[in-house]
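The values are calculated or read from the model by the stated rules, or taken from the named source; none is laboratory data. Note that this is a predicted model, so its numbers are computed, not measured. Ideal geometry is used to build each Cβ from the backbone, glycine not excepted, and the neighbour counts take in all protein chains shown. Note: accessible area is taken over every heavy atom of the protein model, side chains too, but ligands, DNA and RNA are not part of it. Shrake-Rupley method; radii C 1.70, N 1.55, O 1.52, S 1.80 Å.
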Amino acid sequence: MSTSSEQAPKKSRRGNKPGRKPKDPNKPGRFSQISTLYKGAVKQNPQIPLWMALAFAVGFVPLLLIGVAWGHPYYLGFIGIMIGLLLAMILFGRLAERAAYSQLDGQPGASGAALGALRRGWFVEQEPVAAEAGRARNVRDMAAAAMVFRAVGKPGVVLIGEGPRGNATKLLNSEKKRVERVVGPEVPVTIYRVGQGDDAIAVGDITKKMGKLDKKLTTAEVSSVNKRLRALGSKRPPIPAGMDPKNARADRRGLRGR
């Protein structure tokens with residue numbers, strides 16, 4: 001009989017924890033993403049550092065002065081630093097989002113990129129469900145193309161059109177009738193057009209408008225409607241030779257950083 005000292009040594013548990021995935025060296029970390037987002041936002045709006053400094057001062061200076069008056073400058077000063085940093089980061093998030101939308105404004109596929117910022121509960125088609133390229137012959141002419149993007153959520157089906165006013169409006173109305181034939185009258189279908197004019201909205205207002213819509217469907221109904229629409233497919237004409245629709249679309253990571 002072998003003794004306990006002759007048994008095989010136990011393997012160290014360090015580094016062998018189950019469920020822990022090895023870190024991907026090609027995937028940027030959180031601080032790297034924030035740094036990339038900050039540089040991109042500052043490039044669009046050079047005044048962002050100044051506004052962040054003012055937001056920090058609003059949270060820090062009053063508490064520091066109160067701390068000096070009460071004889072506790074370190075305690076209240078530390079709290080002021082935390083509040084100042086929080087205010088600066090909140091303001092940075094708002095300004096970075098605005099800068100990202102400003103960069104997307106006017107680019108083909110901007111509506112699809114904006115829909116990528118929707119919260120959970122929405123099913124968003126990454127590619128346009130309908131498009132009219134017109135006389136476009138290459139990727140530079142895509143600015144004159146009309147496209148429709150679709151999102152399905154508890155408020156129903158939302159169609160976003162972009163491009164020349166006439167073509168986009170015509171394409172939106174055609175796609176709305178097509179969707180209504182599939183989902184039925186009980187499912188609301190809302191349309192928005194992104195662009196210029198009194199009947200249009202800015203690309204930065206898409207998610208705000210959609211967030212204010214009344215919720216009409218349950219989670220199960222949303223999933224069912226999305227499956228029916230995906231089975232319907234898309235209505236897109238052939239893209240002109242030499243044009244890559246993926247390269248023509250805006251980068252959807254612009255709202256989140258890389």
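Things worth noting here:
- Filter result (over 22 Å from the mean Cα position of the chain (by Cα) and in contact (Cβ under 8 Å) with a residue 40 or more places away in the chain) within region 161-205: 171, 174, 175, 178, 179, 182, 183
- Residue check, residue 184 of a type outside the set (D, E, K, R) and modelled with pLDDT under 85: no
- Among residues of region 190-213, those that are closer than 12 Å to residue 153 by Cβ and at pLDDT 90 or above, counted: 1
- Among the residues listed as 256, 236, the single one being at pLDDT below 55 and over 16 Å from residue 172 (Cα atoms): 256
- Per-region count, region 17-61, residues open to solvent by 50 Å² or more (accessible area, probe 1.4 Å), modelled with pLDDT of 60 or more and part of a loop (DSSP other than H, G, I, E, B): 2
This table checks each residue for (1) at pLDDT 80 or above; (2) open to solvent by less than 40 Å² (accessible area, probe 1.4 Å); (3) touching a strand residue (DSSP E or B) at 6+ places or on another chain (Cβ under 6 Å); (4) on the phi > 0 side of the Ramachandran plot.
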{"residue": "82", "(1), (2), (3), (4)": "yes, no, no, no"}
{"residue": "91", "(1), (2), (3), (4)": "yes, no, no, no"}
{"residue": "96", "(1), (2), (3), (4)": "no, yes, no, no"}
{"residue": "99", "(1), (2), (3), (4)": "no, yes, no, no"}
{"residue": "107", "(1), (2), (3), (4)": "no, no, no, no"}
{"residue": "114", "(1), (2), (3), (4)": "no, yes, no, no"}
{"residue": "127", "(1), (2), (3), (4)": "yes, no, no, no"}
